[in-house]
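This report concerns only the one structure given below.
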Amino acid sequence: MNAVDFRNVSFRYAGSEKEALANINLKIEEGESVLITGPSGCGKSTIAKIIMGLIPHSYTGEFSGEAYVFGMNILENPVSNIATKCGIVFQNPENQLFTFSVEDDVAFGPENLALPPEEIRKRVDESLKLVGIEHLRYSSPNNLSGGEQQKAAIASILSMYPSLIVFDEPTSMLDPSSSINLIQSIFRLKEELEKKGGRLTLIIIEHRIGLLLDHVSRIIVISDGRIVLDGEPLSVLYESFKKKIPINIPPILQIYFRIKDRCGLEKPPKNLKELFSYLREASSEKHG
Ligand SMILES: Nc1ncnc2c1ncn2[C@@H]1O[C@H](COP(=O)(O)OP(=O)(O)OP(=O)(O)O)[C@@H](O)[C@H]1O
Ligand SMILES: [Mg+2]
């Protein structure tokens, strides 16, 4: 089943002359892990808002085309229906935490579904454990670090047992080591859920491509409201490099792309050490 299915989707925000998205065709299968990247203002968050049904239900503008999320037509389903299947984590987790304790925030969604108290307790316990913040259960969200708040926001989505989570620049408020830590926990989480027989689709919007490269199986590049590249990570990045699309290709890959044909390299270097040995070989061939 397709988790996401956009057919010729276009959207123009009210008051704006230009379409934020133009003719997007996009299918994401259940269970996929996809990175969406592209220059600032290209339309990434707009895609996230459509997946959640926030566009067109909470934003005014001109929507055309068809968008389905797990078979639900977003035009025919209120945001609350879509929220039973999909959760979104924004770049600023503070906006997503609004009660006095982490526990209450995590319980909020299931309480709105009017689930029995013991089911709610079970989901809260599980969700806190999955993101590793059981010890923060009774803490006030205001007293947490950025990384901890981000994890609390994720737990509050997990308690809804989502089939799809969209992360919209989840690391933009975090330092480099917390960013790596967060991304690792997101993918560990997917593994854990899948061990239990669940399926989780992940859509991650990120500028910092290097953080995700080892984790995703597909990269989609958006530019000016359109999908310009979509496919296997390394070939998408190579195409972006050749076409000079302004995205953050990790420096080590930029060097690799520059020398790969000349040096007959089939695989990118895994680390700097390997890159240096490639370069050494290349220069000794040139001089020798
Ligand atoms: N509420 C709004 N009203 C009017 N125009 C908007 C609104 N939100 C976004 N836009 C415009 O729509 C376009 C796409 O915005 P969007 O937020 O989807 O970009 P983005 O790729 O997420 O950018 P960033 O990387 O900076 O987060 C931009 O030109 C933006 O200015
Ligand atoms: Mg955005």
(request) Scan the stretch 87-101 for residues that are in contact (Cβ under 8 Å) with a residue 24 or more places away in the chain and in a helix (DSSP H, G or I) and report the count. (result) 3
(message) Are there helices (runs of 4 or more DSSP H) fully within the stretch 37-86 with at least 1 residues that are closer than 20 Å to Ala20 by Cβ, more than 9 Å from ligand 1 (Cβ to nearest atom) and touching a residue at least 40 places away in the same chain (Cβ under 8 Å)? List them.
(response) 44-51, 54-57
(request) Considering each residue of the stretch 11-36, count those that are in a loop (DSSP other than H, G, I, E, B) and either touching a residue at least 12 places away in the same chain (Cβ under 8 Å) or within 19 Å of Ile219 (Cα to Cα) (or both), and give that number. (result) 8
(request) Take the residues in the stretch 180-189 that are at pLDDT 90 or above and buried (at least 19 other Cβ atoms within 10 Å of the Cβ), then tell me which one is farthest from Thr84 (Cα to Cα). (result) Ile183
(request) Can you work out which of the residues in the stretch 91-103 that are closer than 24 Å to Gly43 by Cβ and surrounded by fewer than 19 Cβ atoms within 10 Å (Cβ to Cβ) is nearest to ligand 1 (Cβ to nearest atom)? (result) Gln91
(request) Check whether at least one residue in the stretch 163-179 is of a type in the set (Phe, Trp, Tyr) and either touching a Pro at 6+ places or on another chain (Cβ under 7 Å) or buried (at least 21 other Cβ atoms within 10 Å of the Cβ) (or both), and report yes or no. (result) yes
(message) I want to confirm something. Restricting to the stretch 231-271 and keeping residues that are hydroxyl-bearing (Ser, Thr, Tyr) and either within 23 Å of Val9 (Cβ to Cβ) or in the same structural domain as Leu26 (by TED's automatic domain parsing) (or both), which single residue is surrounded by the most Cβ atoms within 10 Å (Cβ to Cβ)?
(response) Ser240
(request) Confirm whether Gly41 is within 21 Å of the chain's Cα centre (by Cα) and modelled with pLDDT of 95 or more. (result) yes
(message) Given the criteria more than 16 Å from ligand 2 (Cβ to nearest atom), surrounded by fewer than 22 Cβ atoms within 10 Å (Cβ to Cβ) and not in a loop (DSSP other than H, G, I, E, B), does Phe6 qualify?
(response) no
(message) Can you pull out every residue in the stretch 130-150 that is under 21 Å from the mean Cα position of the chain (by Cα) and farther than 21 Å from Asn95 by Cβ?
(response) Leu130, Gly132
(request) Could you tell me whether Ile120 is within 16 Å of ligand 2 (Cβ to nearest atom) and in a helix (DSSP H, G or I)? (result) no
(message) For the stretch 178-205, give me each residue that is within 16 Å of ligand 2 (Cβ to nearest atom) and in contact with a Ser or Thr (Cβ under 6 Å, 6 or more places away or on another chain).
(response) none
(message) If I go through the stretch 202-230 residue by residue, how many of them are surrounded by fewer than 20 Cβ atoms within 10 Å (Cβ to Cβ) and away from ligand 1 (no atom under 16 Å from the Cβ)?
(response) 6
(message) Here is a check on your reading of the model: is Glu118 closer than 21 Å to Leu174 by Cα and out of contact with any Phe, Trp or Tyr (no Cβ under 9 Å at 6 or more places or on another chain)?
(response) no
(request) Please go through the stretch 17-46 and pick out each residue that is among the hydroxyl-bearing types (Ser, Thr, Tyr) and either out of contact with any His (no Cβ under 7 Å at 6 or more places or on another chain) or within 16 Å of ligand 2 (Cβ to nearest atom) (or both). (result) Thr37, Ser40, Ser45, Thr46
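The values are calculated or read from the model by the stated rules, or taken from the named source; none is laboratory data. Predicted, not measured: the structure shown is a model, and the values here were computed from it. Neighbour counts run over all protein chains shown; Cβ positions are idealised from the backbone, glycine included.
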